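Report on the following structure.
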Amino acid sequence: MSVLRPTGLATAAVRSRPSALAGTFAALALTATVLVASVAMTVSASAAPPEGDPAARAQLADLSDMGIAFSQMMAYLSIFVIGQVMALAVAQRRRESALLRAIGAEPRQIRRMVAVEALGTALAALPVGYGLGTLLGRFWLHGLAAHGMAPAGVSFQVGWQSLVTAGGVLLVCSQLGGLIAGWRASRTRPSAALAESSVQGGERAGVVRGMASLAALAGAVALTVAAGVGPAESAAEVIPLVVLAYLVAIGLAGPWIGRCTIALCAPSLRAFGGAPGELAVAGTRARARRLSAAITPVALVTAFGVVKLPSFTGSGAGSGEDWGEVFGTLLYVGFAGLVAANTLVMLSLERLREFSLLRAVGAERRQIVRTVATECAIITVAGVGAGMAAGCAVMLPLGARTGTPLGGVPGWAWLAVALCGAVLVGVSSGAPLPRMLRVRPMDGLTRHSN
């Protein structure tokens with residue numbers, strides 16, 4: 001049957017849920033954008049003439065090292081982020097995968113379908129990321145030169161290295177993410193296709209995931225200790241990697257973090273939230289595993305923000321160093337924030353049938369909006385809380401060694417981080433609501449979210 005060919009399956013899957021494809025495409029394009037810009041910094045520094053005064057040569061060396069450092073960090077981040085986004089995109093098609101199994105598709109065909117879809121999305125995202133990365137890199141280098149952090153005469157060079165690096169990272173990350181997501185999809189039982197009333201994302205996390213989260217946490221603690229006893233000058237360089245190690249543990253422990261947060265918030269929400277509070281508690285508890293995909297990127301944004309708080313609130317550096325610090329932080333936090341927004345939008349779009357059912361039994365639009373707002377509060381507490389815990393776990397032992405202790409951060413800065421997290425979650429989760437609430441309840445019950 002032609003429908004069971006991997007390319008045909010991938011095409012049908014994309015057509016059935018274009019929002020899932022758009023979410024994966026956005027994550028891949030963002031990754032390629034930052035990678036191209038970062039590699040271009042190293043290429044531009046290498047292409048500059050070797051002659052010049054010692055200060056200019058030192059700036060070129062720093063520019064090259066900065067590009068390499070950003071490229072390495074983005075490669076690590078992309079493996080973590082793209083895997084999460086692809087797992088969510090494939091998990092949203094659980095019933096479709098079960099139906100394919102029911103009509104005769106074999107597990108290997110499901111896995112190949114996901115791999116083909118991942119490859120096609122990566123190939124489509126690469127030219128977009130290359131174009132945006134060229135613009136970003138040009139602006140980045142111009143800003144560094146204008147603030148005295150790069151020689152004024154250095155020319156911007158993208159080079160073939162940027163394209164090859166971005167393409168290689170997208171290929172590896174998309175296939176790794178597709179391998180994990182496809183393995184889970186291929187294990188979907190055909191009988192699950194008949195469970196139309198089951199709540200998406202309500203499955204219990206397994207023991208293997210729990211053990212992996214504990215192992216990741218132990219590894220993060222070990223990295224923190226190693227950075228604390230190592231040379232002080234190298235501590236600042238390894239801080240992003242230590243933060244990422246904690247975030248891997250948070251990502252694996254996401255379902256348990258979500259359930260603990262719901263248990264803590266439930267009494268207050270039930271006492272003061274009325275019916276929307278009850279619905280929010282029930283809905284988030286039933287979708288605790290799925291919500292871990294939203295908690296993790298929010299924690300990623302928050303953790304990087306906490307790590308950079310001491311630099312922004314107590315640094316005495318010059319204007320050029322300040323500009324470079326701010327721009328580098330914006331690259332990390334902006335990338336993580338856009339991925340978080342992308343994930344939250346994907347999670348909202350899949351709930352068209354759920355919202356339509358609530359409206360069909362009498363719920364008003366404002367009650368659904370209040371329910372979503374209450375759920376956003378739960379996600380904010382879980383994501384921002386986990387991110388602050390990860391940031392503090394890194395900066396409390398390492399901040400003093402790098403000259404940026406957390407003790408000097410004012411209270412308003414912590415409130416600003418929490419407020420930014422709340423705004424990110426609220427805006428991203430609420431953005432699809434107006435369009436979804438314009439759909440008639442009966443129509444929403446009989447069609448897929450897209």
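The values are calculated or read from the model by the stated rules, or taken from the named source; none is laboratory data. Predicted model only: the values in this text are computed from it and were never measured. Positions of Cβ are backbone-derived with ideal geometry, glycine not excepted, and every protein chain shown enters the neighbour counts. We work out accessible area using only protein heavy atoms, side chains counted, and drop any ligands, DNA or RNA first. Shrake-Rupley method; radii C 1.70, N 1.55, O 1.52, S 1.80 Å.
So here's what we get for this one:
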read-out: Residue match in segment 224-236 (condition: touching a Gly at 6+ places or on another chain (Cβ under 8 Å) and of a type in the set (A, V, I, L, M)); value: yes
read-out: In segment 420-450, the residues that are outside any helix (DSSP H, G or I) and open to solvent by less than 60 Å² (accessible area, probe 1.4 Å); value: P432, V439, S449
read-out: Condition check for A69: touching an Asp or Glu at 6+ places or on another chain (Cβ under 9 Å), part of a helix (DSSP H, G or I), at pLDDT below 85 and not acidic (D, E); value: no
read-out: Count - residues of segment 216-259 that are more than 24 Å from A288 (Cβ to Cβ), assigned to a loop (DSSP other than H, G, I, E, B) and within 23 Å of the chain's Cα centre (by Cα); value: 0
read-out: Total residues in segment 23-58, condition touching a residue at least 12 places away in the same chain (Cβ under 8 Å), more than 16 Å from Q157 (Cβ to Cβ) and assigned to a helix (DSSP H, G or I); value: 13
read-out: Matching option when the condition is more than 25 Å from L252 (Cα to Cα), without any contact (Cβ under 8 Å) to a residue 60 or more places away in the chain and open to solvent by less than 10 Å² (accessible area, probe 1.4 Å), among G67, G131; value: G67
read-out: Search result, residues across segment 239-260 that are open to solvent by 40 Å² or more (accessible area, probe 1.4 Å) and in contact with a Lys or Arg (Cβ under 8 Å, 6 or more places away or on another chain); value: L252, R259
read-out: Residue match in segment 411-419 (condition: under 22 Å from A26 (Cβ atoms), open to solvent by 10 Å² or more (accessible area, probe 1.4 Å) and in contact (Cβ under 8 Å) with a residue 24 or more places away in the chain); value: no
